Amino acid sequence: MSYVIFGRAIKNEYIALGVLTTFFGGASLAMRGGKKENAAGQSLQKARESVPINAGSSEEEKFIQNFIAEAEKEDAKAKH
């Protein structure tokens, strides 16, 4: 059996192949993602800006900032 599309007879096999190719091709393009190095850096920076440090005193705030800096250094060493 075939269908008439734009005045031409198209067989079922070709329609099925076209649908499957479009579906799986679109799915693979959607799962590719973007630049990973750029996205990770931006999301980390956004997280730093959006989360305030609610410290009771300036000494406590310095302690929290120092702790975060040390944790980031250890994380960077663990990744390399």
Review point. What is the ratio of the Cα radius of gyration of the chain to 2.2 N^0.38 Å, where N is its residue count, to two decimals?
Key: 2.31
Check your understanding: What ³J(HN,Hα) values, in whole Hz, does the Karplus curve 6.51 cos²θ - 1.76 cosθ + 1.60 give for segment 51-66 when θ = phi - 60°, with x put for Gly and Pro?
Key -> 9, x, 9, 9, 9, x, 8, 5, 5, 5, 5, 5, 4, 5, 5, 5
Review point. Label-point separation (nm) for Val4 and Leu20, each offset 7 Å from Cα along Cα-to-Cβ?
Key: 2.8 nm
Check your understanding: Which residues' amide hydrogens lie under 5 Å from the amide hydrogen of Ile10, considering only partners 5 or more residues apart or on another chain, with H built in the peptide plane?
Key -> Tyr3, Val4, Ile5
Review point. How much FRET efficiency would the formula 1/(1 + (r/R0)^6) give for Ala47 and Lys73, where r is the Cβ-Cβ distance and R0 is 22 Å, rounded to 0.05?
Key: 0.80
**Study point:** Structure-based [θ]222 nm, the chain - -39500 (n - 2.57) summed over DSSP H runs of at least 4, per residue, nearest 500
**Key:** -24500 deg cm²/dmol
Study note, to complete from the structure: With x for Gly and Pro, the residue-by-residue ³J(HN,Hα) of segment 20-27, computed from phi through the Karplus equation 6.51 cos²θ - 1.76 cosθ + 1.60 at θ = phi - 60° and given in whole Hz, is 5, 4, 5, 5, 6, x, x, 5
Exercise for review: Just read off the accessible area of Leu29 with the full protein assembly in place, 1.4 Å probe, to the nearest 10 Å².
Suggested key: 110 Å²
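The values are calculated or read from the model by the stated rules, or taken from the named source; none is laboratory data. This one's a predicted model, so the numbers in the text were calculated from it and none came from an experiment. Every residue, glycine as well, gets a Cβ built from its backbone with ideal geometry; the counts of neighbours run over all protein chains shown. The accessibility values were calculated without ligands, DNA or RNA, using every heavy atom of the protein model including side chains. Shrake-Rupley method; radii C 1.70, N 1.55, O 1.52, S 1.80 Å.
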